[in-house]
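Worksheet: one structure, shown below.
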Amino acid sequence: MKKYFVIFSACLFLLCGCESKNDRMFKKAVRFYAAGENDAALKTYHAILRAEPDYFPALVNRAVIYEKMGELKLAETDYERAYKIDPRNAKLLNNMGSFYASNGRPLTGIYYLKQATDVNPDYFEAYINRAAAYESIDMVREAVEDIESAVSLRPQSPAALEMRAIINMKRLYITEALDDLYLLLSLDPSNAKNYYRRAIAFKQMQRYANAMQDLNSALSINPDYVNALYARAQLHFKNVDHNSAYSDVEKIKKINNNYAPAYELAGDIWAIEDPVQAVANYLAARKLDPANARRYNAKIALMRTEGGRKRVITRTFREN
């Protein structure tokens with residue numbers, strides 16, 4: 001099963017009742033950010049921090065902008081400076097946990113998110129973010145505990161229900177995941193991701209017609225949804241509708257020609273009729289995904305005989 005991730009939330013700091021020059025500049029910077037003028041906001045935060053290096057909310061908000069720009073080292077520096085100033089600020093701790101967890105350091109993120117819930121035991125966003133961090137490193141029991149805490153705080157929250165569905169799918173509690181996904185789609189019937197997720201849940205239960213219906217719904221909302229196209233191509237392959245499967249694979253290549261699974265499935269589709277074309281696709285997949293070179297090499301070797309080609313088809317059919 002594929003992994004899914006929610007977006008970690010960052011909290012932008014605001015001030016009320018501001019009077020000093022820096023406070024007025026801070027309000028101006030917040031307005032710039034709200035209007036999408038990140039460069040102007042950043043320039044204003046620079047000016048504030050030159051005049052007052054420990055101006056806490058400017059440090060935090062500048063870190064948020066740096067993170068958005070992909071300037072991760074600069075964001076980390078500002079977050080750590082802010083942490084030294086106010087290490088018990090729950091919003092800062094949530095931001096820092098989100099930042100580290102969503103940028104490849106989930107254990108560091110969990111460390112700060114634990115501090116956030118210590119300071120504020122009812123901090124909904126911190127539980128969501130920590131559940132996602134635990135899920136990303138397969139600590140499912142801990143993820144379940146945190147997501148249930150979040151749901152208990154806000155039972156109708158789409159973010160919490162979505163994360164719980166993701167976690168339940170990971171631990172193969174498919175019926176429970178479907179319950180949440182049905183509710184989510186009743187709340188927002190235009191959410192392509194949740195149609196896709198429900199399709200994957202249906203597929204797990206071998207309810208292939210339902211899965212196909214949801215994939216079609218997802219693609220009617222977002223025709224360029226690569227994951228949904230690939231899942232539909234797999235189902236078409238399973239239904240021995242190779243023309244439709246190949247059509248979806250070719251659409252994927254046009255949208256994202258670096259998506260290795262599309263080339264591998266194309267190779268499987270061609271395996272019986274044109275092993276030369278199959279090999280060409282396996283070679284393309286191997287180039288894009290060298291970590292799985294052994295699997296592609298094995299399939300290339302099986303293209304030499306009719307029996308080998310049938311083995312590839314049978315194996316792919318069972319996996320899909």
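Grab every C-alpha pair in the chain, bin the distances at 10 angstrom width from 0 up to the longest one, and report whole percents.
6, 21, 24, 23, 16, 8, 3, 0, 0
Could you give each residue of segment 76-84 its phi-based ³J(HN,Hα) in whole Hz, using Karplus coefficients 6.51, -1.76, 1.60 with θ = phi - 60°, and x for Gly or Pro?
Along segment 76-84, the couplings run 4, 4, 5, 4, 5, 5, 5, 5, 5 Hz.
I need the calculated FRET efficiency for the pair residue 210 and residue 148, taking r as the beta carbon distance and R₀ as 22 Å, to the nearest 0.05.
Approximately 0.20, to the nearest 0.05.
Any idea of the accessible area per residue across segment 179-242, 1.4 Å probe, to the nearest Å²? Intermediate results must be reported in sequence, preceding the final value.
Details: 2850 Å² over 64 residues.
The answer is 45 Å² per residue.
How compact and how long is segment 4-158, expressed as Rg and Dmax of its alpha-carbon atoms in Å?
Spelled out, the Cα radius of gyration and Dmax of segment 4-158 are 16.0, 49 Å.
Sticking with the crude label model, points 7 Å out along Cα→Cβ, report the distance from residue 140 to residue 114 in nm, one decimal please.
For the pair residue 140/residue 114, the computed spacing is 2.3 nm.
For the chain, find the longest principal axis of its Cα atoms and tell me its angle to the long axis of helix 106-119, 0 to 90°, nearest 10.
The answer is roughly 40 degrees.
Identify, among 199, 252, 74, the residue whose Cα sits farthest towards the positive end of the charge dipole of the chain, taking +1 on the Cβ of Lys and Arg and -1 on the Cβ of Asp and Glu, with the dipole about the Cα centre.
252
Quick one: angle between helix 174-187 and the longest Cα principal axis of the chain, in degrees between 0 and 90, rounded to 10, please.
Roughly 60 degrees between the two axes.
Please name which of 83, 58, 44 has its Cα lying farthest along the dipole of segment 32-100 towards the positive end, using unit charges on Cβ (Lys, Arg +1; Asp, Glu -1) and the Cα centre as origin.
83
Report, in whole Å, the centroid distance computed from the Cα atoms of segment 169-207 and segment 256-320.
Segment 169-207 and segment 256-320 have Cα centres spaced 30 Å from each other.
Taking segment 46-110, which trypsin sites (Lys or Arg not before Pro) meet the DSSP loop condition and have no more than 13 other C-beta atoms within 10 Å? Please list the in-between numbers first.
Working: sites: 50, 62, 68, 73, 81, 84, 88, 91; in loops: 88.
Qualifying residues, ordered by number: 88.
Run the helix sum for the chain: -39,500 (n - 2.57) per DSSP H stretch of 4+ residues, divided by residue count, reported at 222 nm to the nearest 500 deg cm²/dmol.
-24000 deg cm²/dmol
At 1.4 Å probe size, with no ligands or nucleic acids counted, give the accessible surface of residue 300 in Å², nearest ten.
40
Using 1/(1 + (r/R0)^6) with R0 = 51 angstrom and r between the beta carbons of residue 171 and residue 40, what's the FRET efficiency to the nearest 0.05?
The computed FRET efficiency comes out at 0.65.
Calculate the spin-label point distance for residue 258 paired with residue 84, positioning each point 7 Å from the Cα along the beta-carbon direction, and give it in nanometres.
Each label point is offset 7 Å from its Cα along the Cβ direction, giving 3.7 nm.
Using a Gaussian network for the chain with springs between C-alpha atoms less than 10 Å apart, which of these wobbles most: 305, 175, 117?
Answer for the Gaussian network model of the chain: 305.
So which GluC sites (Glu not before Pro) in segment 200-293 end up in coil per DSSP with only 14 or fewer other C-beta atoms within 10 Å?
Taking segment 200-293 and a limit of 14 other Cβ atoms within 10 Å, the loop GluC sites (Glu not before Pro) found are 273.
Once you wrap a convex hull around the alpha carbon atoms of segment 59-115, what is its projected area averaged over all directions, in nm²?
Over all viewing directions, segment 59-115 projects a mean Cα-hull area of 3.2 nm².
Based on alpha-carbon atoms only, what is the radius of gyration of segment 185-320 relative to the globular estimate 2.2 N^0.38 Å?
1.08
What angle do you read, to the nearest 10 degrees and between 0 and 90, between the alpha-carbon axis of helix 242-255 and the longest principal axis of the chain?
30
When the Karplus curve 6.51 cos²θ - 1.76 cosθ + 1.60 is applied with θ = phi - 60°, which whole-Hz ³J(HN,Hα) does each residue of segment 283-299 get, with x for Gly and Pro?
With the stated coefficients, segment 283-299 comes to 5, 5, 4, 5, 5, 7, 9, x, 4, 10, 4, 4, 5, 5, 4, 4, 5 Hz.
How high is the relative contact order of segment 188-284, in percent, counting Cα pairs under 8 Å that sit 6 or more residues apart?
The normalised contact order for segment 188-284 reaches 18 percent.
The values are calculated or read from the model by the stated rules, or taken from the named source; none is laboratory data. Because the structure is a prediction, the values reported are computed rather than measured. All Cβ positions, even for glycine, are placed from backbone atoms using ideal geometry, and neighbour counts span all protein chains on display. These accessible areas exclude ligands, DNA and RNA; they are computed on the full protein's heavy atoms, side chains included. Shrake-Rupley method; radii C 1.70, N 1.55, O 1.52, S 1.80 Å.
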